[in-house]
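Derivation of every value follows stated rules applied to the coordinates shown; laboratory data play no part. Everything quoted here is computed from the prediction, not taken from an experiment. When we count neighbours, we look across all protein chains shown, and the Cβ atoms used for this are built from the backbone with ideal geometry, even at glycine.
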Amino acid sequence: MKILVINAGSSSIKYQLMDLTDVHHYTLLATGLVEKIGESTGRVTHKTLIPGHESQHVEDDPLPSHREGMSRVVALLTDPDKGVIRDAAEIEGVGHRVLSCGEVYSDTVRVTPEVKAAIREFFPLGPLHNPANLMGIDVAEEFFPHAPQVAIFDTAFHQTMPPKAFLYAVPYDWYTTHRLRRYGFHGTSHKYVTQEAADYLGLPLADINLITIHLGNGCSMAAIRGGKCVDTSMGVTPLEGLVMGTRSGDIDPAALEYIMGQTGMDIHQMINALNKAAGLKGICGVNDMREVVAAAADGTPLAETALELFAYRIQKYIGAYMAVVPKLHALVFTAGIGENSFPVRDRICRGLEHLGVRLDAARNEAPSREPREIQQADAALKILVIPTNEELQIALETKHTIETS
Ligand code: ADP
């Protein structure tokens, strides 16, 4: 089944066209990024990935809206020379990454007017993403009118958290009236690596107990008990929890009032700073982990400090989640940093030997793109590295939803 996966942002559209049967049988036909929509010059980077016919095409033209962006994507996908399909009608389903629908849907759904209304209802809680995600759906409906549209929510996998994990200890009507609670994000990734870890370990999903550690530009962890999420580190927004590339993660809210008083920042400037100028970048000036690791290795003191904070916060969450997940089978590292940065995995695991976390240096440092284990041979607790694939998970869920609804 040919599925188009779309991740629409406020000025961008990321897409992948896949032909898939199941998790082990799929072909990535094309992938690309439309960026700078609404700016003076837009850019489309389109890659054809059919084996033997790989090519890359870059266009720089103004793209006033998502509609023009999507029209370029359709033209490139169906181009008589470099296209991968003859007609847009060959696309049998479109899967959309959507940030949040709060508690309304705890699973992937086919897009209906009600689903769109739910996405709209959560604009105030996902002001950067939900409007863009909905725009992506509207535009895709226009270009692929015959194809079912499916929404995959980043929050859905975390809907199994119990109230003691998702409630904030604040006046209860903030939850009942204003829907303030912890929702969690990166759900598609945590779900994908949970299933992959169960397959890797040869255990039924319903029996698997994990701590999944997604370390990309955004970072989050999830406690998985019996294959289901029972806690996660992000909150009502992705700002809570771990130290990230540019986000602070956990912070005393009273610190905001104090610094706003000292600097004259308003609340929007403050939240913007905590999202974009904090985390690794706030401490040492750079947010790309490769640069932070290189600077620390060169002896830059604040890069070392940033790495220490990054690893220490994750260690604390590992301790906390070990307390809530009995009979833990494995820690699972995933995403850009988790999959690739052996020095960061080493820093996180070092010092946790008393919790049974015993990393094997040679296995940790051996490069691979495959799911693998990196603990010492006789360690009871496995440490896994599992490459995530959110687009594949979205495509699989899109196919499943179309076939079953
Ligand atoms: P996103 O959250 O945007 O999907 P990724 O999962 O691609 O991001 O992760 C981006 C992060 O991964 C960046 O901090 C980048 O430095 C880091 N990263 C990617 N490759 C490596 C590598 N080989 N070594 C260290 N860090 C890496």
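A few comments on the model shown:
- Fluctuation leader among Leu256, Leu274, Leu201 - the chain, Gaussian network, Cα springs under 10 angstrom: Leu256
- Applying 0.36 nm per residue to the separation of Asp61 and Leu205 and subtracting their alpha-carbon distance, the gain on full extension is 47.1 nm.
- Inter-label distance, nm, simple model (7 Å from Cα along the C-beta direction), Met1/Ala169: 4.6 nm
- Qualifying GluC sites (Glu not before Pro) in the range 1-84, where qualification requires a DSSP coil assignment and no more than 12 other C-beta atoms within 10 Å, comprise Glu39, Glu54.
- Full-extension gain in nm, Ala380 to Met260, via 0.36 nm per residue minus C-alpha separation: 38.4 nm
- Per-pair calculated FRET efficiency, R0 = 41 Å: Ile50 and Asp298 via Cβ, rounded to 0.05: 0.45
- Rounded to the nearest 20, the Cβ-based charge dipole of the range 202-390 about its Cα centre (Lys and Arg +1, Asp and Glu -1) stands at 340 debye.
- Taking the Cα centre of the chain as origin and assigning +1 to Lys and Arg Cβ atoms and -1 to Asp and Glu Cβ atoms, the resulting dipole is close to 780 debye.
- Spin-label model distance (nm) - Ile271 vs Asp107, 7 Å beyond Cα toward Cβ: 3.3 nm
- Here the calculated FRET efficiency for Ser368 and Asp87, from their Cβ-Cβ distance with R0 = 51 Å, stands at 0.85, rounded to the nearest 0.05.
- Pairwise alpha-carbon distances in the chain exceed 25 Å for 60% of all pairs.
- Cα-Cα over 24 Å, subset of Lys14/Lys191; Lys191/Lys399; Lys14/Lys164; Lys82/Lys399: Lys14/Lys164; Lys82/Lys399
- Taken over the range 241-386, the convex hull of the Cα atoms encloses 126 Å³ per residue.
- Residue with peak Gaussian network fluctuation, the chain [Cα springs, cutoff 10 Å], from Ile283, Ile383, Ile318: Ile283
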